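The values are calculated or read from the model by the stated rules, or taken from the named source; none is laboratory data. Computed from a predicted structure; not experimentally measured. When we count neighbours, we look across all protein chains shown, and the Cβ atoms used for this are built from the backbone with ideal geometry, even at glycine. Each accessible area value is taken on the protein alone, full model and side chains, heavy atoms only, with ligands, DNA and RNA left out. Shrake-Rupley method; radii C 1.70, N 1.55, O 1.52, S 1.80 Å.
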Amino acid sequence: MTPRPPAEIAAQLQQAMAFHQRGQLAEAEQFYQAILHQHPLHFDALQLRGVIANQRGQFGEAARLIGQALALNANHAPAQYNRGLALLALKQPEEALKHFDKAIALRPQYAEALANRGNALLELKRRDEALASYDRAIALKPDYAEGWKNRAVALLLLQRIDEALVAFDKATSLAPR
């Protein structure tokens, strides 16, 4: 089989990403798979197939694929974040925390990584640290409803009920559903 030219691979990747952004996961995965058939170590195709696996709840597969991508480029903040998500879902909060920390080191303004770092810390019963992580996330992104909700949960676990109610109210005002 003759390898495809880089421009054709780039075009396939763009098509895959367009399908992915529209939520057409099966179509996107076909394109990512076609790229990997030609280039088994294609960073973006590996990482984004891992994202699809995360979206489908296939967390072991997601961790494996994104781990392969990170072996090629460990300095990609979204890949670090996405592997952290998979590991957190696999109930491996210590490992997840390492990936969230790496994502934040690479991109200090990464509110979602900070919030999920807080989730890993909550799993580890490190509630004060989790609260600090949520606070950093919502300082960066004040309209981040999920961050406010997570902050409220941490405050409840810390028995700071009045503050938790304020945080829940803020989360609800940002995302009524």
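In table form, for the structure just shown:
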item	result
Farthest toward positive dipole pole in the chain [+1 Lys/Arg, -1 Asp/Glu at C-beta], among ASN54, ALA154, ALA175	ALA154
Whole-number Å³ per residue for the convex hull built on Cα positions in segment 1-148	111 Å³
Heavy-atom accessible surface of segment 11-113: percent carbon and sulfur, 1.4 Å	52 percent
Distance in nm between pseudo-label sites at ILE161 and ALA11 (7 Å out along the Cβ direction from Cα)	6.5 nm
Solvent-free Debye scattering, log10 I(q)/I(0), computed from the Cα coordinates of segment 7-94 at q = 0.26 Å⁻¹	-1.31
Accessible area of the chain divided out per residue, in Å², using a probe of 1.4 angstrom	53 Å²
